[in-house]
Amino acid sequence: MRLSRRAALRAALLTAGGAVGGVVGMDALSQAFGWDRPPVSGGYAAAADAPEALRTANLTIRYFVETTEPVVAFTFDDGPGPQWTPMVLDALDQANIPATFFMVGQNLEKHADLVRDRMGRHEIGNHSWSHDDLATLDRAGVETELSRTHDMIKKVFGRETTLLRPPYGHLGGSTVLAADHFGYEIVLWSHLMREKYFQDDPDGQVRDIVDNVRPGSIILAHDVGKPHRLVSLRGLSAMFSGLKARGFQFATVSELAALQTRPSPPPLTTA
C-alpha cells in the first residue's frame with residue numbers, strides 16, 4: 001500500500017529518533033515534530049488552497065436527511081470484494097431493497113465482474129482510488145484519487161457518480177475543494193455498525209440498528225474488511241425485517257435526500 005507523505009516522513013523520523021521517543025514518549029515526540037498538526041500546504045489546512053477554483057458557494061456535507069418520512073438509506077463502503085459483496089447484494093435482492101455503495105476504485109478495477117450486472121437498483125459513490133486518508137493529501141493528490149475512481153465507475157457502469165465519502169470520514173480543506181471541483185455531495189453517516197462492540201452478541205447489533213434509526217438516517221456498513229464485519233453483514237436480513245416491522249422503507253442516499261424537508265421561509269418584514 002502506498003504510504004502518504006506524512007506517513008513516510010513519520011517512519012523516517014521514527015527510525016532516526018527511536019531512542020528519543022523511548023525517553024520522552026510518543027505524545028511529546030508528536031508535538032515536537034508537528035505530527036499532531038496538519039500540513040500547512042495541504043490536507044486539513046487547505047480550505048483556502050486556490051479558492052479561485054471554487055465552482056459553488058456552498059457544498060453539501062450530509063450526515064442524515066431531515067425528513068418526517070420513515071425512510072432510511074443503507075450504505076456499504078470499501079468494496080467491491082469477492083468475499084462479502086455478493087452476500088450483501090444477495091441480502092438486498094431478497095428484501096428488494098436499494099442501497100448505496102461507496103466503492104474503492106482499485107477494488108472496482110479488480111472485481112468489476114462481481115458487480116457489473118448487479119447494481120441496477122443501487123447507487124454508486126466515490127470512496128477514493130486507494131483508500132488513502134485524503135485529509136493528508138494536497139488538492140492535486142485528492143483530485144487524482146477521485147478522478148481515477150470517477151472514471152472507473154463510468155467505465156464499468158456507464159454512470160456518472162455525484163457522491164463522495166472520504167475514507168475514514170476524514171475531511172480536510174483539500175478534500176472539500178476537490179469535491180467542489182467534481183460537483184460532489186459529501187456523504188457521511190448518522191448510524192454505523194459497531195461490530196467489535198457486538199462481536200459476542202450479533203443479535204445486539206441487529207437491535208442497535210433496528211431500535212435506534214430514525215427517519216432520514218444514513219447507515220454505514222462495509223462489504224470489505226476484517227472478519228468482525230460479518231457480525232453486521234450476517235444480520236442484514238434481520239435488520240431489514242425489523243425496520244420494515246417498524247414501518248420503515250428504504251432508499252438510496254440520493255432518493256433519501258430528495259425527501260429533505262424544506263424549511264419555511266422567514267416571515268416578511270415591513271418598514
Could you tell me how many of the residues in the stretch 161-182 are at pLDDT 95 or above and in a loop (DSSP other than H, G, I, E, B)?
4
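For (1) out of contact with any helix residue (DSSP H, G or I) (no Cβ under 9 Å at 6 or more places or on another chain); (2) farther than 17 Å from ALA95 by Cβ, each residue gets a yes or a no:
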residue: LEU177; (1), (2): no, yes
residue: HIS181; (1), (2): no, yes
residue: ASN212; (1), (2): yes, yes
residue: SER232; (1), (2): no, no
residue: GLY235; (1), (2): no, no
residue: THR252; (1), (2): yes, no
residue: ALA258; (1), (2): yes, yes
residue: THR261; (1), (2): yes, yes
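Any idea how many residues of the stretch 208-251 are touching a Gly at 6+ places or on another chain (Cβ under 6 Å) and of a type in the set (Gly, Ala, Ser)? Write out each step before concluding.
In the first step, residues of the stretch 208-251 are kept if they are touching a Gly at 6+ places or on another chain (Cβ under 6 Å); the result is 210, 223-224.
Right, trim to of a type in the set (Gly, Ala, Ser) and you get none.
Qualifying residue count, the stretch 208-251: 0.
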Restricting the search to the stretch 192-233, which residues are over 20 Å from ALA251 (Cα atoms), acidic (Asp, Glu) and surrounded by fewer than 16 Cβ atoms within 10 Å (Cβ to Cβ)?
ASP200, ASP201, ASP203
When you scan the stretch 192-207, do you find a residue that is within 17 Å of the chain's Cα centre (by Cα), at pLDDT 95 or above and either among the small types (Gly, Ala, Ser) or closer than 29 Å to ASN58 by Cα (or both), even just one?
yes
What pairs come up if the first residue lies in the stretch 53-64 and is under 21 Å from SER190 (Cα atoms), the second is in a loop (DSSP other than H, G, I, E, B) and aliphatic (A, V, I, L, M), and their beta carbons are under 8 Å apart, counting only those six or more places apart or on different chains?
ILE61/LEU171; ILE61/LEU188; ARG62/LEU188; TYR63/LEU188
Is there any pair linking a residue in the stretch 131-156 that is at positive phi to one that is open to solvent by less than 10 Å² (accessible area, probe 1.4 Å), with Cβ under 6 Å and at least six apart or on different chains, and which?
HIS131/VAL104; HIS131/PRO167
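Among the listed residues LEU243, LEU188, LEU259, LEU236, identify the single one that is in contact with an Asp or Glu (Cβ under 9 Å, 6 or more places away or on another chain), in contact (Cβ under 8 Å) with a residue 24 or more places away in the chain and open to solvent by less than 90 Å² (accessible area, probe 1.4 Å).
Working: LEU243 fails: in contact with an Asp or Glu (Cβ under 9 Å, 6 or more places away or on another chain); LEU188 fails: in contact with an Asp or Glu (Cβ under 9 Å, 6 or more places away or on another chain); LEU236 fails: in contact with an Asp or Glu (Cβ under 9 Å, 6 or more places away or on another chain).
Of LEU243, LEU188, LEU259, LEU236, the one residue that is in contact with an Asp or Glu (Cβ under 9 Å, 6 or more places away or on another chain), in contact (Cβ under 8 Å) with a residue 24 or more places away in the chain and open to solvent by less than 90 Å² (accessible area, probe 1.4 Å) is LEU259.
The values are calculated or read from the model by the stated rules, or taken from the named source; none is laboratory data. On a predicted model such as this, the values are computed, not experimentally measured, just so you know. Cβ coordinates were reconstructed from backbone atoms using ideal geometry, including for glycine residues, and neighbour counts include every protein chain displayed. Areas reflect the complete protein model, heavy atoms only, side chains present, ligands, DNA and RNA absent. Shrake-Rupley method; radii C 1.70, N 1.55, O 1.52, S 1.80 Å.
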